[in-house]
Amino acid sequence: MGDNPRVMTRPHRFSDIADRFLTRRALLQGGVAAAALGFTPVGRIAGAPARAETPGLQFEELGRIGKDEPTHHVAPGYRAEVLISWGDPILPGAPAFDPMAQTAEAQRKQFGFNCDFIGYLPLKDGAATTAEHLASGESAHGLLCVNHEYSTPRYMFPGMKNSEAVAANSTPETIAVEKASVGHTIIEIRKSGGAWSVVADSPYARRIHAETDMDIAGPARGHARMKTDADPDGVRVKGTFQNCAGGVTPWGTILTAEENIQNYFTGVASKLPPENAREAASADSFSVGGRLWMWSTFDKRFDINVTPHEFNRFGWIVEIDPYDAGSVPKKRTALGRFRHEAATIVAKDGKPVVAYMGDDQSFEHIYKFVSARTYAAADVAANVDILDDGTLYVARFNDDGTGEWLPMVHGQGGLTTENGFDDQGDVVIDARRAAKVLGATETDRPEDLETDPITSRTYVAFTGGTDRKEAAPAAPRAPNRRGHIVEILAPGSDGDRDHTATDFQWDILLLAGHPEAETNAQGKYGPGISDAGYFAQPDNLVFDPKGRLWIATDGADEIGLADGLWACAVTGPERAVTRHFFSVPVGAELTGPCFTPDGETLFVSVQHPGQGDGGSFAEPVCRWPAAMDSAMPPRPSVVAITRDGGGPVGG
Ligand code: FEO
Ligand code: CA
Ligand code: CA
């Protein structure tokens, strides 16, 4: 979902990185040595060692699709089928979805609302351990692990046609339904005869929501600022919500990112007492107080003036073991607290584990965590809790195409008591403030980060930042109305990069936008994209097993397009030549793209279909996946995309 705009200007050295990027690309195409023209070499311009080229994509492109289409579309030769929708039964005893008779008890057993990140983990019949399941690479039988980002009462319940009606008509029961509709779902799925279906009564099936007990792990566990009357030890918290992007670990767990947590809290930061000055600063940073949701009316833990520490207990990465339905999710506080997006893992046997993460708010930052322990590929169980101990870093991008990862360690670089950091718990709870003390680069709403399985280069989707007044390193447009994708090169060569290092180089893969828009919103892609190949607001990313980058959008309607999915190579002649593959129905954004290990199925989430200006449960702009003449409201759903006759998606 979108950023809450926050007006803020900071001095930045101006540099027209966009122009330099274009010049470099032209030079490359012309075969001219960049160094001869006085450019600081970056990435592939630097005469870097030869590298494997990403295989090109081979599919007939989906034509350009406008923003008002009532249904989804996929490229010719593919089929896209709804696998599961909001309200579908998950757990034993769950009733069929009845939008006019919703209860919290039913919703806790049904698929949640606003599906987002998807992780797929293989299941092998007869396997006894997670390691055996993982090693199978099974691509026709697995666990589908799906985030549910947030509730939208206007579209979930009858009689809530605007915010006044939501305020007037919310009840303890509707709030309980909302709380049960967010979080995460785990289902078992199987492919048979080329079609996927949900396995009924699976022992793995699970709903995790805003009241599910979870442990607090890492440096903030037991911290004074994590303690509440309900949890005097600061070790156990009820629930997770605003679960947006995420990641899958090679040890078979899911990492889910708590993003816009401020939306469920209310209160006035300036009325907090002096002993809660840090909580007040945090609430201001997240923009608590918008009063868009009504949870605090019926549950005072969401009122920061009543329960000041509860807000500190959200905004984390939560690790879930989907292979054990009885496992307790853990909030991994070593990874910092912010409007989390993504937690994508790079792991090499015998090396520390690296997790890349973003903070989706204008002028916030990019982070990575490097574990203290090393990854044991042959001993899956040995990696449990590896994310509790290590070093959190935040990125500084330099104007010359280099960058550094700045360690966020208590006592170093100004993260001291005199600056309000008494210990590492304070550093992770107030990671945003710590990042600013360290001089981290303020970026344009980083959503997803993904590392190419072939080249080991890392890509960041910046959805855009209209508040930006001046260009900055890795943020070349001010304002950034259309978003862009940055390439981060850890030291080394393609396929062999040291992600634990503290230095990196960066480049711009593409600038999103219409190729013929005015200068500052003009899209810049690889040469020769089609009339359907451009987009706006890149958001979620995923690599297929062959190393092609798939880009989901959130806001392409701003240039008249349906949101959807585009794909491109990241090396070779088709670098950044994006092609259109899938579009979502009106009102929706596309989230959570996820491939099976064999690359033959692509799962996507269609989030908030049918939502438009002035719309509601009774008057949506479409009722997808049902027809417009149905009595059903629009239902966020997961779609499974496969190729007619089988084979890898994208060719
Ligand atoms: Fe939930 Fe950053 O989108
Ligand atoms: Ca998102
Ligand atoms: Ca992703």
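The values are calculated or read from the model by the stated rules, or taken from the named source; none is laboratory data. Note that this is a predicted model, so its numbers are computed, not measured. Methodologically, a virtual Cβ is constructed for each residue, glycine included, from the backbone with ideal geometry; neighbour enumeration extends over all protein chains shown. The accessibility values were calculated without ligands, DNA or RNA, using every heavy atom of the protein model including side chains. Shrake-Rupley method; radii C 1.70, N 1.55, O 1.52, S 1.80 Å.
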* Are any residues in region 587-600 away from ligand 3 (no atom under 16 Å from the Cβ) and surrounded by fewer than 24 Cβ atoms within 10 Å (Cβ to Cβ), and if so, which ones? -> D598, E600
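What number of residues within region 116-138 are among the acidic types (D, E) and either within 16 Å of ligand 1 (Cβ to nearest atom) or at pLDDT below 95 (or both)?
Restricting attention to region 116-138, the residues satisfying the condition of being among the acidic types (D, E) are 116, 125, 132, 138.
Remaining after also requiring either within 16 Å of ligand 1 (Cβ to nearest atom) or at pLDDT below 95 (or both): 116.
Result for region 116-138: 1.
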* To do: Inspect region 150-159 for any residue being more than 18 Å from I254 (Cβ to Cβ), of a type outside the set (A, V, I, L, M, F, W, C) and in contact with an Asp or Glu (Cβ under 8 Å, 6 or more places away or on another chain) and give the result as yes or no.
  => yes
* Asked: If you go through region 589-601 one residue at a time, do you hit one that is at positive phi, within 16 Å of ligand 1 (Cβ to nearest atom) and without any contact (Cβ under 8 Å) to a residue 60 or more places away in the chain?
  -> no
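Considering each of G350, G315 in turn, give the residue that is modelled with pLDDT of 95 or more and surrounded by 19 or more Cβ atoms within 10 Å (Cβ to Cβ).
Values: G350 fails: surrounded by 19 or more Cβ atoms within 10 Å (Cβ to Cβ).
The match here is G315.
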* **Subset of region 522-562 that is open to solvent by 10 Å² or more (accessible area, probe 1.4 Å) and under 18 Å from the mean Cα position of the chain (by Cα) - its residue that is farthest from ligand 1 (Cβ to nearest atom)** => F543
* Structure fact -> When P625 is run through (1) away from ligand 3 (no atom under 16 Å from the Cβ); (2) buried (at least 24 other Cβ atoms within 10 Å of the Cβ); (3) within 15 Å of V74 (Cβ to Cβ), the failure sits at (2)
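Kindly provide the set of residues from region 192-204 that are assigned to a loop (DSSP other than H, G, I, E, B) and over 30 Å from E173 (Cα atoms), ordered by number. Quick ask: steps written out before the conclusion?
Here is the first cut: in region 192-204, the ones assigned to a loop (DSSP other than H, G, I, E, B) are 193-194, 199-204.
Scanning region 192-204 gives G193, G194.
Has region 406-421 got any residue that is modelled with pLDDT of 95 or more, in a strand (DSSP E or B) and surrounded by fewer than 21 Cβ atoms within 10 Å (Cβ to Cβ)?
Filtering region 406-421 for residues modelled with pLDDT of 95 or more gives 406-421.
Next, only the ones that are in a strand (DSSP E or B) stay: 406-407.
Now restrict to residues that are surrounded by fewer than 21 Cβ atoms within 10 Å (Cβ to Cβ): 407.
Checked against the condition, which is being modelled with pLDDT of 95 or more, in a strand (DSSP E or B) and surrounded by fewer than 21 Cβ atoms within 10 Å (Cβ to Cβ), region 406-421 yields at least one hit.
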* Output the qualifying pairs, or none if there are none: Cβ atoms under 8 angstrom, residues six or more apart or on different chains, first residue in region 376-390 and within 15 Å of V354 (Cβ to Cβ), second residue modelled with pLDDT under 95. => none
* Asked: How many of the residues making up region 68-107 are under 19 Å from P609 (Cα atoms), open to solvent by 70 Å² or more (accessible area, probe 1.4 Å) and touching a Ser or Thr at 6+ places or on another chain (Cβ under 9 Å)?
  -> 1
* From the list E450, E442, which one is within 16 Å of ligand 2 (Cβ to nearest atom) and at pLDDT 95 or above? -> E450
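Among the residues in region 244-251, are any more than 30 Å from Y120 (Cβ to Cβ) and more than 16 Å from ligand 1 (Cβ to nearest atom)? First the steps, then the outcome.
Residues of region 244-251 that are more than 30 Å from Y120 (Cβ to Cβ), as a first pass: none.
No, because not a single residue in region 244-251 is more than 30 Å from Y120 (Cβ to Cβ) and more than 16 Å from ligand 1 (Cβ to nearest atom).
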* Structure fact -> Note on T502: of the conditions (1) open to solvent by less than 10 Å² (accessible area, probe 1.4 Å); (2) at negative phi; (3) modelled with pLDDT of 95 or more, unmet is (1)
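Going by the structure shown, is G401 open to solvent by less than 10 Å² (accessible area, probe 1.4 Å), modelled with pLDDT of 95 or more and within 16 Å of ligand 3 (Cβ to nearest atom)?
Working: open to solvent by less than 10 Å² (accessible area, probe 1.4 Å): yes; modelled with pLDDT of 95 or more: yes; within 16 Å of ligand 3 (Cβ to nearest atom): no.
No, not satisfied.
Condition first: surrounded by fewer than 21 Cβ atoms within 10 Å (Cβ to Cβ) and either part of a loop (DSSP other than H, G, I, E, B) or under 20 Å from the mean Cα position of the chain (by Cα) (or both). Now tell me which residues in region 482-499 satisfy that. Steps first, answer last, please.
First, the residues of region 482-499 that are surrounded by fewer than 21 Cβ atoms within 10 Å (Cβ to Cβ): 491-496, 498.
Listed by number, the residues that qualify are P491, D494, G495, D498.
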* To do: Within region 205-252, track down each residue that is open to solvent by less than 10 Å² (accessible area, probe 1.4 Å), within 16 Å of ligand 3 (Cβ to nearest atom) and part of a loop (DSSP other than H, G, I, E, B).
  => T249
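Residues are listed down the side, and each one gets a yes or a no for (1) within 16 Å of ligand 2 (Cβ to nearest atom); (2) not hydrophobic (A, V, I, L, M, F, W, C):
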| site | (1), (2) |
| --- | --- |
| F535 | yes, no |
| W550 | yes, no |
| V577 | no, no |
| G610 | no, yes |
| F617 | no, no |
| D629 | no, yes |
| P648 | no, yes |
* **Cross-chain or 6+ apart pairs with Cβ under 6 Å, region 457-476 first and over 22 Å from H340 (Cβ atoms), then at pLDDT 95 or above and assigned to a strand (DSSP E or B)** => R457/E487; R457/L489; P473/F397
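Checking the conditions here, which among D324, D284 is part of a loop (DSSP other than H, G, I, E, B) and among the acidic types (D, E)? It would help to see each step written out before you state the result.
On the way: D284 fails: part of a loop (DSSP other than H, G, I, E, B).
Sole residue among the options that is part of a loop (DSSP other than H, G, I, E, B) and among the acidic types (D, E): D324.
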* **Enumeration of residues in region 125-174 that are of a type in the set (S, T, N, Q), in a loop (DSSP other than H, G, I, E, B) and crowded, with 16+ Cβ neighbours inside 10 Å** => S139, S151, T152, S170
* Given (1) at pLDDT 95 or above; (2) over 17 Å from T463 (Cβ atoms), index of the condition G564 fails -> (2)
